[in-house]
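Following: one structure in structure tokens, then a few remarks.
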Amino acid sequence: MLDIRLIRARPDFVRERLATRSSELPQQVDDVLKIDSERRQMETRVQQLNAERNKLSKQIGMLRSKKESSAEQESNVRAIGDEIDRLSQASAAAAELQTTLLLGIPNLPHANVPIGADAGANPEVRVWNEKPVFSYQPLDHVELGTKLGLFDLERAVKISGTGFVCFTNLGARLQRGLTQFLLDLQTIENGYVEICPPHLVRRECMVGTGQLPKFEKDAYELEEGQTFLIPTAEVPLTNLYRNEILSYQDLPKYLVAHTPCFRREAGSAGRDTRGLIRIHQFNKVELVKITTPETSYQELEKLTADAEKVLERLDLHYRRIELCTGDLGFSMAKTYDLEVWAPGQGRYLEVSSCSNAEDYQARRMNLKFKDVDGKNRFCHTMNGSGTALARLYVALVETYQQPDRSILIPEPLRDYVGFKEIR
RNA sequence: GGUGAGGUGGCUGAGUGGUCGAAAGCGGCGCUUUGCUAAAGCGUUGUACCUCUAAAGGGUACCGAGGGUUCGAAUCCCUCCCUCACCGCCA
């Protein structure tokens, strides 16, 4: 969440930055400022009354110990108490409203993020390899997978409903080998610490990373909204140190986890309904970094490169785009998307989204560090997929299909999956 | 799931209704002493918020969380969370 002090001190700056995301946001700044000023007025008054009451109560204590009458002080203090009750209730309600409003305001885009309305304005910043050329019409992963028995979509629907997949036989093994490959790459080569976190998290965690309260319909909830199935390992990983004060010497933290991700895809019914591209449960290897503010942008570049290494090792064609202000995720100040080419689809698929939330998530989850001077400051958090398994799988299978409809396993993966081809 | 004990500052640990934000010790920081190290002595040492400000200052809240009783709560009551022990069940 945004720093209320920044909003107070530089409201025009905040309004102007938010307007680059969406035109209705500046109004929310005014709403917060109004309630903030009302709240502070009441709070100040309550504190004055409390000071008065504390003074009188002490007098009462002293008078009683001297066996003197304190009737006058008692009646005064009772009157003050009533006033405090009334005012502090109002002030608490205002504080709650303020928090609610603040939680609903997205992060400020970083100054160097290109301004634009939607995905159409996202500039391409890097391209790797070229589109593979086929002498025939490449098949899509559903045809290939069905023919080779890599997964069973019909039976998955039977047991779980649309939007689920069941990997089978060599198809399941391919995913397992791919997962192991990704984890080894990020831990052994890139220095991330492997975490196997819970897949069910408390509500506060979802608030901490920004999924809640605004996007509750997108998540699978349990126990009447007290716990949620994670939509990404970003949630448990980033929240690992929630409510803690780390030492600057502990930073940066590099964390990686392989988990399933559960998404209801509430707003996207009817989109990408075929195959593995948009499903309710998919696996993902997620990278998270917790850093000082001074190094976060440099760390974001490195993190993005760490994710790109996956696609490069597998020799896939991809591009890196930067999200413009209108397309940025709620909690993020800057984001690069990695899109891999899927020949059977004839389009790029987003397999990683690498973002810096700056201190936006850290504020929501009260994650601080003690700097060299002993001052407590909010950490910066960033995350990116390294990468989403299901879509990587699609690109891999479609790119490495052979004229006889077998699939060649790229060299770096062979030891992991245990075979050179699937036919 | 059952029963019992318990959650106090960076740590250990006192405190059972009134100058308690909280004794004491440890740790940390500063100064003094010192050939170095060590030790000793003295001082200092939480967070958030409000107000005011050039700076300083003043105030409020916080003893797991939330609510209640009371003129007044770390202390009494209720709910929840968590930890520990034992029992039951179980991958």
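Okay, here's what the table says:
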{"quantity": "Label-point separation, A:Phe13 to A:Thr187 (7 Å along Cα→Cβ), nm", "calculated": "4.3 nm"}
{"quantity": "Highest average packing first - A:191-197, A:149-155, A:382-388, Cβ atoms within 10 Å", "calculated": "A:382-388, A:149-155, A:191-197"}
{"quantity": "Gain upon complete extension [A:Arg377, A:Ile245; 0.36 nm per residue less C-alpha separation]", "calculated": "46.7 nm"}
{"quantity": "Amide H contacts of A:Asn283 (H built 1.01 Å from N, under 5 Å, at least 5 apart or other chain)", "calculated": "A:Cys261, A:Leu389, A:Ala390"}
{"quantity": "Gain upon complete extension [A:Ser37, A:Lys58; 0.36 nm per residue less C-alpha separation]", "calculated": "4.4 nm"}
{"quantity": "Share, in percent, of DSSP beta bridges within chain A that are antiparallel, nearest 5", "calculated": "90 percent"}
{"quantity": "Nearest-0.05 FRET efficiency for A:Thr44 and A:Arg126, computed from C-beta distance (R0 41 Å)", "calculated": "0.20"}
{"quantity": "Cβ-derived FRET efficiency at R0 25 Å, A:Ala51 paired with A:Glu72, nearest 0.05", "calculated": "0.85"}
{"quantity": "Alpha carbon centroid spacing (whole Å) that separates segment A:207-228 from segment A:349-374", "calculated": "20 Å"}
{"quantity": "Label-point separation, A:Glu265 to A:Leu87 (7 Å along Cα→Cβ), nm", "calculated": "5.5 nm"}
{"quantity": "Highest to lowest packing among A:257-264, A:116-123, scored as the average C-beta count within 10 Å", "calculated": "A:257-264, A:116-123"}
{"quantity": "Per residue accessible area in Å² of segment A:130-268, where ligands, DNA and RNA are left out and the probe is 1.4 Å", "calculated": "51 Å²"}
{"quantity": "Additional length obtainable on full extension of the chain from A:Asp272 to A:Phe215, 0.36 nm per residue less Cα span", "calculated": "18.5 nm"}
{"quantity": "C-alpha center-to-center spacing [segment A:121-145, segment A:271-334] in angstrom", "calculated": "18 Å"}
{"quantity": "Prolate/oblate/rounded call for segment A:4-103, Cα gyration tensor, a/c under 1.5 rounded", "calculated": "prolate"}
{"quantity": "Subset of A:Lys131/A:Lys217; A:Lys253/A:Lys309; A:Lys284/A:Lys375; A:Lys34/A:Lys375; A:Lys34/A:Lys55; A:Lys253/A:Lys420 violating a 26 Å alpha-carbon distance limit", "calculated": "A:Lys131/A:Lys217; A:Lys284/A:Lys375; A:Lys34/A:Lys375; A:Lys34/A:Lys55; A:Lys253/A:Lys420"}
{"quantity": "Where labels lie 7 Å past Cα in the beta-carbon direction, separation of A:Ser22 and A:Glu143 in nm", "calculated": "4.0 nm"}
{"quantity": "Charge sum, other residues only, whose C-beta stays under 10 Å from A:Gly177's C-beta, Lys/Arg counted +1 and Asp/Glu -1", "calculated": "+2"}
{"quantity": "Accessible surface ranking that places the most exposed of A:Asp140, A:Asp272, A:Asp12, A:Asp373 first, with a 1.4 angstrom probe", "calculated": "A:Asp373, A:Asp12, A:Asp272, A:Asp140"}
{"quantity": "Value of relative contact order over chain A, rounded to a whole percent, pairs C-alpha under 8 Å and six or more apart", "calculated": "19 percent"}
{"quantity": "Descending principal axes extents, chain A, alpha-carbon based, whole Å", "calculated": "102, 44, 42"}
{"quantity": "Segments A:395-401, A:305-311, A:366-372 sorted - mean Cβ within 10 Å per residue, highest first", "calculated": "A:395-401, A:305-311, A:366-372"}
{"quantity": "Whole-angstrom gap from segment A:79-114 to segment A:402-423, using each part's C-alpha centre", "calculated": "57 Å"}
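The values are calculated or read from the model by the stated rules, or taken from the named source; none is laboratory data. Computed from a prediction, not measured in an experiment: that's the story for all the values here. Neighbour counts are summed over all protein chains in view; Cβ atoms, including those assigned to glycine, are modelled from backbone coordinates with ideal geometry. These accessible areas exclude ligands, DNA and RNA; they are computed on the full protein's heavy atoms, side chains included. Shrake-Rupley method; radii C 1.70, N 1.55, O 1.52, S 1.80 Å.
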